[in-house]
Amino acid sequence: MNSTAGSSPRVDVDTWVLLLAVPLLFPVWRYFAMPALMPGSGGELDDLWRTIGSFAVFFLLFGLLPLLDQLLRRRGALRSVGLGLGDLRFGLLAVMAGLPLVVGIAWRGAGMPDVQAEYPLCRLLLLRHDLLLPYSLAYALLYYVAWEWCFRGWMLFGLAQRWPPALAILLQTVPSALVHLGKPAGEMFGSIPFGLLLGWLAWRTRSIWYGWALHVALGVGTDVLVIHG
């Protein structure tokens with residue numbers, strides 16, 4: 001992949017698309033799409049389907065739209081923007097090394113009242129533990145795939161074609177941290193170093209999938225520990 005690490009940052013229309021996509025799309029998802037999803041009919045599974053529906057809309061906005069942009073603008077093969085396996089050996093070692101850390105963070109967070117008030121996003125799971133598997137699969141395959149692809153794939157590698165990689169890692173961390181506003185305090189502040197770490201990991205391995213695995217472990221692990229804690 002070509003990078004401008006040794007030259008001055010280049011700002012063009014495509015750069016603005018990369019930088020402004022999340023600030024424009026996130027309010028659409030948060031304040032318009034989510035409230036409009038599946039008005040309650042009184043059914044027991046309403047909360048589950050509404051939450052999975054919000055994951056599906058997130059996947060559409062932050063997964064499919066950036067993918068279409070990538071394909072139509074032809075900024076390179078998909079593996080060049082993090083959708084391949086990249087450095088498999090380093091990636092697997094990073095996941096094995098990182099899993100104890102994220103499980104420890106999840107365990108600590110699950111004992112905090114503000115985290116317990118926020119998670120799981122589907123509150124029905126507190127009563128229906130049997131729904132944890134389909135919920136977690138949707139969480140991992142819709143929400144977290146779209147998240148990692150948008151920030152650590154499309155945005156990171158797109159910006160790194162124009163600006164130095166370190167700056168691209170920092171810039172993708174800014175919106176990924178800002179969309180945590182309103183979350184529990186530990187999550188808000190922790191999203192900054194976590195975003196930088198996963199950005200570096202994606203750049204080092206040339207793949208989003210190892211960061212995706214760690215992000216899923218943190219999110220789903222927190223839910224499991226809150227539910228069974």
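Subtracting the Cα-Cα distance of Leu99 and Tyr31 from their residue separation scaled by 0.36 nm leaves 21.2 nm.
Using mean Cβ contacts within 10 Å as the protection proxy, how do 143-150, 80-87 order, highest first?
Details: 143-150: 24.8, 80-87: 18.9.
Highest-to-lowest ranking by the protection proxy: 143-150, 80-87.
Overall size of the range 159-211 from C-alpha positions, given as principal axis extents largest first: 33, 22, 12 Å. Give me the log10 of I(q) over I(0) for the range 92-136 at q = 0.21 Å⁻¹, as the Debye formula computes it from C-alpha points; what are the numbers? For the range 92-136, the Cα-only Debye profile gives -0.83. In this label model, Lys183 and Leu78 are separated by 2.6 nm, measuring between points 7 Å along each Cα→Cβ vector. Here the label points at Leu85 and Arg128, each 7 Å from Cα along the C-beta direction, are separated by 3.7 nm in the simple model.
Note down the Stokes-Einstein diffusion coefficient of the chain in µm²/s, whole number, using a Kirkwood radius over alpha carbon pairs, 37 °C, and 0.692 mPa s.
Diffusion coefficient, whole number: 180 µm²/s.
Across the chain, C-alpha contacts under 8 Å between residues 6 or more apart give a mean separation that, scaled by the residue count, equals a relative contact order of 35 percent.
May I ask you to derive the relative contact order of the range 157-203, considering only C-alpha pairs under 8 Å and at least 6 residues apart, and to give it as an integer percent?
On the way: 31 pairs, mean separation 18.4, N = 47.
Relative contact order here is 39 percent.
Ranked from largest, the principal axis spans of the Cα set of the range 122-166 equal 49, 14, 10 Å.
Laboratory data are not the source of any read-out in this text; all were calculated from the coordinates shown. Bear in mind the structure is a predicted one, so any value in this text is a computation, not a measurement. Positions of Cβ are backbone-derived with ideal geometry, glycine not excepted, and every protein chain shown enters the neighbour counts.
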